[in-house]
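The numbers here are math on the coordinates, done by the rules we state, and not lab data. A quick note: this is a predicted structure, and the numbers were derived from the prediction, not measured. Here Cβ is always computed from backbone atoms with ideal geometry, including for glycine, and neighbour counts include all displayed protein chains.
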Amino acid sequence: ISWSLICIWILALLIILLITQLRNIFWYSGAFFCSCYIFTLFVLMTGQDTASYSWYQARLFETISTLFLIFVLFCDVFTLYRQSNTKYLNSYQNSIRDPLTRLYNRSYFYDSFTALLPAIASGHPVSVIVSDLDHFKRINDKYGHLQGDKVIQFVSKVLQDSVRQNDIAARIGGEEFALLLVNTSPEVAQSVAERIRLAISQHDTESSLNQLPEPITISMGVFTAIDLSISVEECVRRADEAMYRAKSAGRNRVVVWE
């Protein structure tokens with residue numbers, strides 16, 4: 001019986017070695033497990049009876065191999081869980097972010113605005129800033145769409161660096177962006193928009209590290225929601241209307257909806 005068991009374990013070890021070629025730690029643990037049992041059976045065959053010292057040695061190797069295999073299985077399960085969780089997080093982030101700028105996308109912007117309605121009801125105003133690059137079509141026509149993408153990415157970086165961590169910066173159109181400023185009054189929102197406008201207009205090709213082929217400007221509209229009498233869509237529409245007023249007034253300016 002012992003020799004039969006040894007042959008079976010050797011066969012199992014050979015199959016693992018030939019088929020898996022020990023591609024990862026799981027198969028290493030399987031080969032180690034088989035080797036330990038083969039060694040255990042040889043140790044048992046050298047003993048005179050089950051109460052001999054050899055029997056305790058065999059049990060020790062058997063226990064060590066079993067615990068090692070259990071440990072490896074737990075490590076594999078944890079690794080698979082971590083990889084699965086990472087893939088889920090990456091997939092979720094890709095679903096809510098714009099692929100070019102890594103700002104949030106339009107749907108996430110509206111979902112976040114809707115989630116802030118309880119805060120507005122509690123007396124914490126939420127300001128919306130809608131902005132649009134001035135004469136961006138000329139950039140695409142003159143320098144090409146690849147350069148246009150670099151301009152979009154540069155502006156997105158300025159917007160992201162200009163807001164707090166709990167604020168939302170989103171790309172809601174081709175060259176149109178929106179900011180959602182939590183617990184922000186109209187005066188503060190106007191100040192933030194003005195700071196962004198100046199930061200963008202003051203850059204040129206050299207200071208932007210060749211991301212801007214020429215100086216650009218941006219027009220921005222601001223609206224602040226202070227109660228629930230106005231819907232989310234209407235808030236964004238009013239900020240958008242204020243932005244178009246800024247364009248009509250000569251561009252490169254901030255207009256607060258009144």
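For region 136-196 versus region 204-247, the inter-centroid distance based on Cα atoms is 7 Å. Which residue fluctuates most in the GNM of the chain (Cα springs below 10 Å): Met243, Met220, Met45? Highest fluctuation of the listed residues: Met45. Membrane-span-like helices in the chain, defined purely by DSSP H runs whose alpha carbon atoms cover 15 Å or more axially and whose average Kyte-Doolittle hydropathy reaches 1.0, are 2-20, 25-46. The candidate values are (i) 55; (ii) 49; (iii) 32; the one derived from this structure for percent of Cα pairs over 28 Å apart carries the label (i). Based on DSSP H segments of at least four residues, each scored -39500 (n - 2.57), the chain has a per-residue ellipticity at 222 nm of -20500 deg cm²/dmol. Relative protection proxy for 208-216, 78-86, from highest mean packing down: 208-216, 78-86 (other beta-carbon atoms within 10 angstrom). Placing pseudo-labels 7 Å out from each Cα toward the beta carbon at Leu198 and Tyr92 gives an inter-label distance of 3.9 nm. Placing a pseudo-label 7 Å from each Cα along the Cα-to-Cβ vector at Asp76 and Glu258 gives an inter-label distance of 7.1 nm.
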